[in-house]
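Taking it in order: structure first as structure tokens, then the write-up.
The values are calculated or read from the model by the stated rules, or taken from the named source; none is laboratory data. Worth saying up front: this structure is predicted, and the values here are computed from it rather than measured. Here the Cβ positions follow ideal geometry from the backbone for every residue, glycine too, while neighbour counts run over all protein chains shown. All accessible areas refer to the heavy atoms of the entire protein, side chains included, with ligands and DNA or RNA removed. Shrake-Rupley method; radii C 1.70, N 1.55, O 1.52, S 1.80 Å.
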Amino acid sequence: MAAARALRTWSRSAGPLICVQYFQTCSNVHVLKPNYVCFFGYPSFKYSHPHHLLKTTAALHGQVVQFKLSDIGEGIREVTVKEWYVKEGDTVSQFDSICEVQSDKASVTITSRYDGVIKKLYYNLDDTAYVGKPLVDIETAALKDSEEDVVETPAVSHDEHTHQEIKGQKTLATPAVRRLAMENNIKLSEVVGSGKDGRILKEDILNYLEKQTGAILPPSPKAEIIPPLPKPKDMTIPIPVSKLPIFTGKDKTEPIKGFQKAMVKTMSAALKIPHFGYYDEVDLTELVKLREELKPIALARGIKLTFMPFFLKAASLGLLQFPILNASVDENCQNITYKASHNIGIAMDTEHGLIVPNVKNVQACSVFEIAAELDRLQKLGSAGQLSTTDLTGGTFTLSNIGSALPRFNQKGEVYKAQIMNVSWSADHRVIDGATMSRFSNLWKSYLENPALMLLNLK
């Protein structure tokens, strides 16, 4: 009992709850030198301790742990709860999805770091959760004859989530598939996945459910057609009395959050910078012909080839000649940083608002590689599952709203032409109009003469 008393006294003197494992007997006590001690009260705080740490064979019995929202990076302090994958009373394992949250930059899946039972959910859907505050309470399962250090596991984005599941030997499945399995009381370990690397798809869950229950969706019943009643000849149709409708709607006020909150922040900051605009138009007739020739080849590779990959590659070739357009200045505008990578952002209009993911290192990518990356970003953006990496680090931005104007010849007659209008906007503190004009002319020449672009590819 002396060993037990010493351990408990040391844990209380250290401040907040320290990584302490309760035990029934004092046998099998080990003395270790840890690199750090993890405080549950402070998710990101690690305290180096010069003394030895007693580590014992543990047997926890139903300890309720507050699962706190960890720091997800990029200076984000609050998120919005978009979807719960668990409910009170559910049993979870390590790396199981707990919920999906959305910051002003990306959607992030929060995974469990414990095995146990969900006892309490602290937030409802669309509530604002804060970093460092409790997210759920988990009654941890008993640890039998195991020795382990407690390590803080940060929240992971969708990209990292798949990697951790593989590392933890968990079943590969998207949060939507896991939710479908949970609602039908199906264990994912019993389902054979037909996707890549054994990933379980929605169809796998439905097929499994059909085999277990033998349920077959009944055909939709046909609506019974009732013939209209015959109208008597002497029946007069009354004229309805017109009344003004009574409107009972009320104004609704809601907080600005998510991507819209990020747009408020960035647009307010941009308003402080003096900008200038430059307008031009580009004849895409030759590029349209080239795209039509390459579309079947791209489709054979599973990629839809649009004009945007050509726009990005032409812009990257232009930035090699005018690096000032791929640069940034510090807050006091005293230093210019010329970016080595051409991370070109693409403005996308989604159900969640305007987002601007970017294609990394366009200068080192082929047109087809750019098209494949754009296709990936478009799918994730539509599903609201873009990671923080996809949305940060941009150095140059293009936006295409797909508008066109009619063309007239010298006789004033309308004729068919593939003309694109383009408008450039630049920071007038460090970029002058002449530089913008030269860049636009070079970019225009690559699009109007795709063969010229081919000659300059590296």
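Observations, loosely collected:
- For C99, the accessible area of its heavy atoms, probed at 1.4 Å with every protein chain present, is near 0 square angstrom.
- For the stretch 271-456, alpha-carbon Rg over 2.2 N^0.38 Å: 1.08
- Spin-label model, N207/T140: points 7 Å from Cα along the beta carbon direction are separated by 4.0 nm.
- The stretch between K257 and D280 holds 4.7 nm of extra length on full extension. This uses 0.36 nm per residue minus the Cα-Cα distance.
- Computed from label points 7 Å out along Cα-Cβ, the spacing between K411 and D126 is 6.0 nm.
- Computed over every Cα-Cα pair of the stretch 310-359 and binned at 5 Å starting from 0, the pair-distance distribution P(r) comes out as 4, 18, 21, 19, 17, 13, 7, 1 percent.
- Rolling a 1.4 angstrom probe over the protein heavy atoms with all chains in place gives the stretch 325-458 an accessible area of 57 Å² per residue.
- Here the extension length gained between K272 and D349 equals 25.3 nm, from 0.36 nm per residue of separation less the Cα-Cα distance.
- Taking the Cα atoms of the stretch 347-391, the ratio Rg/Rh between the radius of gyration and the Kirkwood radius comes to 0.98.
- Note on the stretch 324-446: with neighbouring protein chains present and a 1.4 Å probe, carbon and sulfur make up 48 percent of its accessible heavy-atom surface.
- With distances taken between every two different alpha-carbon atoms, the stretch 63-139 has a Kirkwood hydrodynamic radius of 12.4 Å.
- At R0 = 45 Å, FRET efficiency that the Cβ-Cβ distance of R77 and F368 yields, to 0.05: 0.65
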